[in-house]
Each structure stands twice: as structure tokens, then as C-alpha cells.
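To start, the structure under review is shown below, and the notes come after it.
Since every read-out is calculated from the coordinates, none of them should be taken as a lab result. What you are looking at is a predicted structure, and each value in this text was computed from that prediction instead of being measured. Here Cβ is always computed from backbone atoms with ideal geometry, including for glycine, and neighbour counts include all displayed protein chains.
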Amino acid sequence: MMSRTAGLSNLLRWVRSTGFRLPAKRQAKACTPNGCLSICGRMGRIAATRRRRVLAGLIGAAGLIALATQCSQVQVVNTLNRPAAGLFWPQDGSAPRVRFLSSIRSPDDLFVRRNWFGLADVVAGKADRAFSVPFDVHMGRDDLLLVTDPGKCCVHFIDMRARRYQAVSGLGQATLQQPIGVTTDAGGLVYVSDSLLENVFVFDRQGRFVRALTPPGTLKRPAGLAYGARTGCLYVADVIAHQVKVFRPDGTLVGAIGSRGAGPGQLNYPTHVWVDDKGVLYVTSSLNFSISVFDPSGNFLASFGKEGDAPGYFTRPKGVATDRAGHIYVVDAIFDAFQIFNDRGALLAAVGSSGSGDGEFWLPAGIFIDSRNRIFVADQQNHRIEVFQYVEEATR
Amino acid sequence: MNFEAPWGHGMRAALRVALAAVLLCCGRTLDAGQARTSPTLAMSSAPECTQCHLVWLDDFAQPGVEWLVPYQRDESFRSGREGAESTDLMCYSCHDGYVADSRARIRLGYQHPVLASITLLKRPKPKGVPLLREEEVYCGTCHTPHGPGPMPSAAGRATSAPAPTQTVKLEGNAFLRLAARPGPISLCDQCHEYTSTTLVGNHRVGLSDFPLPPELARQHGRSDTEKGGIGCQTCHTPHGARYPSLTLLGETDSSTAGLCAVCHKEDFSKYGLGRFSHPVGVSPMAMRGPDDRATAGPAGGNPKPKFPNGELVPLTGDGRMTCLSCHDVHDSRVPGGLLRQTPLDGSLCETCHPGLADPLQGSGHDLRVWAPEAKNIAGKTAVQSGMCSACHIPHKGRNVSLWARPDRGAGRAVDRLCLSCHSSGGPAVTVLRGPMTHDSEVNKTLIRLRAEKTDPSLAMPVYDDEGRPAERGFIACPTCHNPHQWAPDAGHLPPLPKTASTQAGHGDSLNSFLRRRSDEQICKHCHGIQSLWRYKYFHSSLRFEK
């Protein structure tokens, strides 16, 4: 990464190389003590004017290049919205249901606008924006893509509509230590869980720290987060407490769901949570190797899954999500894939394999499905977010 | 709602790969009956086991199960292959932040070497920990999710490996196979032999009531026990260390002694550094002698000084001294003090202070010869502590000269150094300052002017109130005498002849630790050419007999 000092020195060196010299202008004035331009001063002024024209031309060319770059970045966005042909699942020749869209390794893979059309990067040095260990992903309102990154101890705020990016880690006097889960509420506030700081922190859309959600000691190791629009509550998976704790957005603890165990409604190291449009809560009970389902009131409905390496089993279940059609998606970090189940827990398909190519994973973790059925999967060890598209039957 | 193809080739291939890796590398007998009857750490289909040992699931133990790859009936623990269960990815599949996440410490900073051959240590292979390919250290050498206990064998029974007698609390101990504390049955001792019983060669450990300094606690340092005490992890950390020696702090952090000074503070009992201690963080090249003679550094300016045995003096990358330049905390061959060289003959000091110790051998300032019973402020004689340490000690010195003799007289600071011996009650009582002594209150400007007219390297030093050589100051004993030089004409001091007149260390105007010969130079230096005849008989014995 270019340092800021190096960037500035490069810029100054480049300006000097154009021949732009302030002393030349002063020399022209100094040579006119009686108000008349001497031959020397006139020659100096002509030379200075020529230099300024050259400099203006170069600046204009740089602006055109930056604009062209912006246009090319817009093309990347279109690629994200418009599925590219190539990878589909299932791959046995049957009708495709999941389509690979894109991989996001840094905000620069999107259309994120750089300040001053990239001139700031030239001056200050290009910042390292690449994801380190993307852990959880969430697409908030107005295309605000949020990615937790424990490797960089920050949350990547990628405002795809305003084309702005920032890495958020500040908590007032402190900083994030291990951001894990992320979600947003109906008002657009961003919630980030930090498993080391044992709390959930609230940010506004611009990444400004608002407050800590709960008093210290309320949570033991918060991990997965989900917001239930129907109930207006925030669901926090407290891993060590083996519970899902329910809060109002103001931090009031409403209740806790589950207790440690393997029975119905019991949880064993819950890591991820998801709330669908109907308010149904899905919880990944990692060491029960199952997905537990609760109604909006917290009553146990069902669970599915068992440990094993056969299709439909779980070995290391991680993120869970549902699409608009009600299918349940469960990421498995050992399988390097996500499996798709129907609402009764029957396996429908599996997507992904081990590797670093398109549609492949290396220890995937979080998953998010937006209202357009785009599937975002945090691919930890590949340092990227992979985006898929659920292909509805009518659009096939 | 319904998918037409409930199962994709991609997932199938992924599972084939995963299963193949597990089967190839796991290496466990799949006899279900044996698994149920085995003792501790035997194969089990309990979720706690199968979450890593996937092939231990009951489904695989059913008759008629078809394997995707042929099962190999040797055991990974003994076969020397790193099983799929012990790969870092298997650990990270859970320890990725939801349970705990130590990846930052694994990836950042200096790490204990892995996949390194144990034969480099030139000692017998450890018997209490497994090795990869029978000689390489790997993650499983130190870590196990099973906690301390006998290792499983191919038959599922405990082996004869030494069972740890120390209780290891797994939480917070990173699932270590044995306790990472010094002792005969410890994890570190398996490869790094620690002879804690002799206290020779290694830093002292134990001291169960010794609290962990907060500076080390902030760097993930650990006490030997829960109550306190010094252990391996008090100073070292195997992962995420900031320094190549896997230490928690550098030797010269914060322009002090760094890691050592965290415990060896000024007032740390008899092991404290004291107010006046030998400097660290300085270059031996910038060293100046105790007198005002500018010295060009060790061995005439050698930036890489060597001990007399040929070993290089350990310095920092930019050539500065650390505590480890003199001390070897793990491989010292010198009893007491963990020193790299013996201090008894002055060779340790002579490495960086050439020409100061050798000329003293056998001279009047070699207290091993002339005052073998006299003790320094540390309570040791010159025979016990060495020739240099009779007058200078590197730690807990009395002043900036690191003076080690007890204070006996009154006067200026620099004079009191000499008076600590050359006074009544001192070991040099036969060589006392007489009643006719050069006045110290002189025109200092005149002295400096006279000195500057001559060769600066031969200037007669004057001293400030604290006893340090100064541009302007007082005339003191070392102004005329150089305690490290018996005779000015001899670059190397010959042994003092034991004649009747020199038995007590007396000399004459040609030696007597004078900086210059008194017959023609030493007076002239300050008093001009006229002093040659004016003070001609000043040092004559006839003058004192009158």
C-alpha cells in the first residue's frame, strides 16, 4: 500500500516535472519596475502561460481517466444485478435454481466512489480496502452492504447507492475487537455484535457510533444477529449462554429463548439466527448439528438436521437464511457449501464445493438473502463475499 | 417449491473429498465393539468426538457400509501423518469467533516453528508428545482437544508415555497436551531441556508467590501457577510474539532493559538493578573509558566484539547492547549471575573495555592479590566476584562509576572513590593521602587552557561534583592518577616486582598509577616549563624526611 507521504511526494514530483514554477512568475513581475515588461519578463510570462496550459491539460486528462474509471465500475454493479451466464446449480442438467453472480473481495469490486474521482488515492495513497476475514454479511436498506471483518477488527460499510465506503471500528473511546454478527433495524440503524467485548453496538447509516445496546454483563458471547420486522425486536445469539436473547432496539431485554440441551427447543452453542418475513426465528444450534425453528412468540416449532457427512446432514452448520419462497439455506463450513431445505427440512439442493474459484468456498460462515433473492455468503478463507441468485420458477 | 434435482454433483464431490481426507488421514479402527469398551480417549460416536472424528459416527460402523476409498488400518497418531482432525482448518471451523478466535495470534507476529525437525536441537526425541514423520514438530505436538492424559494407542489403550502429574486447566491453556511450565514433565521440557534443580544455565523459575507483572499480563504473559510464579510463558509466548525469541517484550524496550527490567526493577530485592546500573541500549562503539580518555570502542573499533572464547557478543540489529550481551538466561556456563563469560579474570569486561583490565593483573589495584579479604558492597571478595567487580559492579553501583567499594572518607565524590580504600580502615591503609596534598581548588580555566594547548588525548581530566569527567571542574585524584594504568610509559603493565619497597604497592614517580611521568611531564602539563625546576624535589623522599 502506498503511504500517504509517498503519494504526496509522487504528486509533487509530477507537478514539478510539468515545469510549473512559481518563481518564474515572480521573476516576470520583478523585471517590471517601471510598469513596462522587459524582454526577459515577457519571455518568462510566455513560458509560464505555456506551462499552465500544459498543466491544465494534464489535469483535464486525469479527470477524464477518472470518469472513465467510474463508468467501468458501474459496469461491475450491472454485473451484480444482471446474472452472468455460466455457473448454475444443480449441476446435473436439471433446471437451474441457483446462479452464481459475482465475488466481492473489496469495495473496489463494486462501484464505490473514491473521493475526488480517485485523486485522493493518488495524493494520499490507495487505502487497503480488501476484506481480510469476512465473517458475516448483511444488505441493509437502500443497498447498504455491511460486512464484519474480525481480521481487520472493523465493519465494512459499503453504501452502494451513495457510492461511499468506510471501514468502521470506532466505539467512542474504544474500538471493535472481534466484530461477528451484523444486522439493521427498520430505522436503518446498524447493529454489530462483538464477541470479545461481549456486547452489541449500534451505529447509524454513516457509520457513526451511537451507543452500546446493553449494559455490561447482559451478554456473554454475542454472535449472530437478526432483526424481526414483524416483532420489532433484535435477536442475539448468546453462544456461551446457549440462548437467543431478544431485545428491543432501545436495549431492553424482552426475553430469552432456549436453554442448553439437545431436546426440543433446546440449544447447544447457538451461533447464527435469522428471522423471516413472518417473524419465524431460525437458530443454528451448532453442536446439536441442527436448525431450530421458533414462532414469533419464541415457542418451539421444529428442528431438522443431524450430524453426518451425507447430504442433508450437518458437520459444521453456520449461517442460516431464508429466501422469499421460504426455502431454508444453511451454510456448512466443513462441506464448503450451503444446503437448501424446504420448510419441512427436506433437502432440496446443495451449492458449492471446496476451493477458491467461482462458486467454491473455504470455511464459509455467514449468509444473507435480500428481498431480491440475492444470496450473499461470507467466504472467510477466500477473503471474499460470494453472491448468488435464487432463480424463481417463473423466471427460468 | 420442489427442486427437480435434490442433490448436486458439487456437494457430492465436496463430500467425497472431505470423506476421503478423513478416511485417509484419520486412521482409527472402526470396530464398534472395541470402541465401546475402550478406556478413556477411546473411539466414540458421541457428538463431542464425532464433530472432529467424523468417521466415528455410528453410520460408518454399520455392517455393509461401502467406503468411498479403501480404509487404511494404521493409526494416524503413529503413522506420522497429520490427520484431518488435527489440521488448523478443523480447529477454525469452530474457533472462528463464535466460540473463540485465536487466528490473530497465529497469523501475526513471531511463531513457534512448526514442521521443523527436532533433530536440530541435538537431543533425544521427546517421548511425551507426538511428532510428524517421527521428527517434526507440528500443531498436534503441543495441542490436543483431549486435554492432558495418556495418549491413545492403536489398540485404543493408554501407552506407557509419561502421564502428567500436573493438573492442567484446559480453559485458557489452549488445549495444551501437557502443562507449559518448567519441570520434568512439562510441555516445553519435552524439547527444551530445563535443569531447574541446579539453577546453573537457566533463569530461575518457580517462586510461586511471585506476582505476574502487569506489563507482562498485558502481553498475554502467564504465571507458572494460578497463584503466581515464574514459568516459561512468563517471558515467552509461542504465538503472536513481538520478537524473534518469542519473548513478550524486547530486551531494550522503552530505552531500558525491557523484558528483564519488568521484574528486575531498582528495588527488586537483591536481584534489582539499583539506581546505578550498567547501561543497555548503547553501542559498545560509543563506549568511553572511566577516565576521560576517548577510546575507540572494543578492540579498536570493532563493531562486532567477541568474547575471548571467540563467541560474538550478542547485540541488537543496530549494534546496541542488551542485557543478553552479558547474560545468557538459558545456556549460561558460568555459575551465578547467568553470565556468558567468567568475571573473575576480567575477560567479560575486557571484551568491551579493552586495555582496562589486563594491565591490572597483579598490580596494586588487583585486590585478588593485595586485599583478598576485602569485600565490596555486595559482600563479596575480589576472589569471589572477580578483579573488576572488586571496585565496579554492573548493577546496584553506588554512583555513575558503578563503584563497589564501601564509602569511607569525606570529600568530593570522585576522591571518595579512592578514599574508600586509601583511608584508615581501608585495604590500602599503607598508601594514604599525605598531609601535603595538591590543592583541588585551582583556577580551572587555567587548567583547561593549559590542557588544550597540549595533545587533547593527553589532557588531565577534571571532575564535576558527581564525579564525572567534565570540561571544567575540580582536580581530584584521577586527575593525576589513572587507576587502570600502573605506569605511563608501559602500555602493558608488567607484574609488580615484589621487592621490599613494592610489597605494599608503593611505586615511584615513574609509575604509581600516574598518568605521566612526574619527573618531567605531569607538573609541566599544568604549571608550565618552569615547574621542571620549581618542583624538582617535590616528590623526592628527602623532602618528606625533613
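Summary table below
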read-out	value
Under 11 Å, Cβ to Cβ, from B:D209 - net charge with Lys/Arg +1 and Asp/Glu -1	0
The stretch A:182-261: Rg to Rh, with Rh as the Kirkwood radius over Cα pairs	0.94
Efficiency of FRET between B:E471 and A:W362 - r from beta-carbon atoms, R0 56 angstrom, step 0.05	0.20
Net +/- balance of residues flanking B:E266 in space, Cβ distance below 13 Å, scoring K and R +1, D and E -1	+3
Principal axis box of the stretch A:188-312, alpha-carbon based, largest edge first, Å	45, 30, 26
Theoretical FRET efficiency, 1/(1+(r/R0)^6), r = Cβ-Cβ of B:S283 and B:F175, R0 51 Å, to 0.05	0.70
Estimated FRET transfer efficiency when R0 is 51 angstrom, pair A:L58-A:Q177 (beta carbons, to 0.05)	0.65
The stretch B:328-371 and the stretch A:149-182: distance between their alpha carbon centers, rounded to Å	59
Other protein chain Cβ atoms within 10 Å, averaged over every residue that makes up A:352-364	3
Test item: A:89-95 mean partner chain Cβ contacts at 10 Å	6
Evaluated over the stretch A:86-395, the Cα radius of gyration and Dmax, each in Å	18.5, 60
Estimated inter-spin distance, B:T119 and A:S259, nm [label 7 Å along Cα→Cβ]	5.9
Computed label-point distance, nm, for sites B:D464 and B:K304 using a 7 Å Cα→Cβ extension	3.7
Paramagnetic reach from A:N299 (point 7 Å along Cα→Cβ, amide N under 19 Å) across the stretch A:206-234	A:230-232
Packing rank of B:351-359, A:233-241, where each peptide gets the mean count of other beta carbons within 10 Å, highest leading	A:233-241, B:351-359
Nitroxide proxy distance, nm - points 7 Å out along Cα→Cβ at B:E226 and A:R344	5.3
Cβ neighbours within 10 Å from other chains - mean over A:144-150	1
